[in-house]
1. So which residues in segment 244-260 are part of a loop (DSSP other than H, G, I, E, B) and either free of Cβ contacts under 8 Å to residues at least 12 places away in the same chain or under 20 Å from Ser102 (Cβ atoms) (or both), if there are any at all?
2. May I ask you to say which residue of Asp265, Asp241, Asp201 is touching a residue at least 24 places away in the same chain (Cβ under 8 Å), away from the ligand (no atom under 16 Å from the Cβ), acidic (Asp, Glu) and in contact with a strand residue (DSSP E or B) (Cβ under 9 Å, 6 or more places away or on another chain)?
3. Being in contact with a Ser or Thr (Cβ under 6 Å, 6 or more places away or on another chain) and at pLDDT below 85 is the filter; apply it to segment 133-151 and report the residue that is surrounded by the fewest Cβ atoms within 10 Å (Cβ to Cβ).
4. Being β-branched (Val, Ile, Thr) and at pLDDT 90 or above is the filter; apply it to segment 60-80 and report the residue that is nearest to Tyr9 (Cα to Cα).
5. Report yes if Gly155 is over 27 Å from Asn82 (Cβ atoms) and more than 16 Å from the ligand (Cβ to nearest atom), otherwise no.
6. Does Ala12 satisfy the condition of being closer than 25 Å to Ala210 by Cβ, in contact (Cβ under 8 Å) with a residue 24 or more places away in the chain and crowded, with 16+ Cβ neighbours inside 10 Å?
7. Across segment 113-143, what is the total count of residues that are on the phi < 0 side of the Ramachandran plot, out of contact with any His (no Cβ under 8 Å at 6 or more places or on another chain) and part of a loop (DSSP other than H, G, I, E, B)?
8. When the residues of segment 95-124 are filtered to those that are of a type in the set (D, E, K, R) and within 11 Å of the ligand (Cβ to nearest atom), which remaining residue is farthest from Gly65 (Cα to Cα)?
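The values are calculated or read from the model by the stated rules, or taken from the named source; none is laboratory data. Fair warning: this is a prediction, and the values are worked out from it, not measured in the lab. Backbone-built Cβ (ideal geometry, glycine too); neighbour counts: all protein chains shown.
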Amino acid sequence: MFAGANCEYHSADYVIIGVPFDLTSSFRAGAAMAPDVIRQMSYGFEPYMMEYDVSISDMKIHDLGDISSCGSVEDMGEELNNTVKKVVDDDKFPIVIGGEHSISPYIISAFEDVFVLILDAHLDFRDSYEGMKNSHATVTRRISEMDHKGVKVYGVRSMSEYESNLLNKPLFLSSYEILGSDDYLDRMTNDIDGDVYLSVDMDVFDPCYAPGVGNPEPYGLTPLHYKKLISMLSSNLVGMDVVELSPRYDHGGITANLATKLIYDLFGSRAGEFTR
Ligand SMILES: [Mn+2]
């Protein structure tokens, strides 16, 4: 159970769902172990978050545990989609802990008319990858085909030439544009209004902050970029996932520690204000 998640389902505002799935990982597998590792890591922080003046022990959080069908993408997708649909119908905020990134389209299709924000080093805009339509390398493509308000990927610094030639609209903001500008927050949030779903691929962060991922890429974002972004967007958010943590390749739990804190930051920024 995630720390502080001792609220009953019916009265919870936030519902945590683990998805121990990494069937399509192409390079360094292991994301299936991430939900348990993040739950363990969640006991390492003070419940009180000084920068928001909020304690997560005052928040109504329920941990639903892990979904059970992780044998194929389709089975996982069906159970995950049904689970998230129920949480959304019950007017609760789902927080999904992956698992690899291929889980995200099944979460996002459970929502109606949201703006999808993806933090990812990779554009993931291939139509299929290694013969699979629903792979962690096709995530943005699948989401862009849904009937949502829009999709944007921030922190991108890797794509194939095929994907690069395919792009005819500003789908992404590169990590170089974000790292090199003072107004990156305005650029990231300018065209967003209404409900936002946030998908965080841990590889958006620089490998020095997040070495334990499936496909690490240098020149990434810092944790503070995330903190400022989520503080600005918190009241728009309706759901979130944290994916691609690969504990097997982590070092001293650095990446797991950060992944866990991202979830704390969600709670903190929704209940308080990032002021100190
Ligand atoms: Mn990625």
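1. Glu244, Ser246, Gly252, listed by residue number.
2. Answer to the check: Asp265.
3. Once the filter is applied, the top-ranked residue is Asn134.
4. Quick first cut of segment 60-80, residues β-branched (Val, Ile, Thr) only: 61, 67, 73.
Adding the requirement that they be at pLDDT 90 or above leaves 61, 67.
Working: Ile61: 8, Ile67: 16 Å.
Looking at residues that are β-branched (Val, Ile, Thr) and at pLDDT 90 or above, I get Ile61.
5. no
6. no
7. Adding up the residues that qualify gives 10.
8. Here the residue is Asp124.
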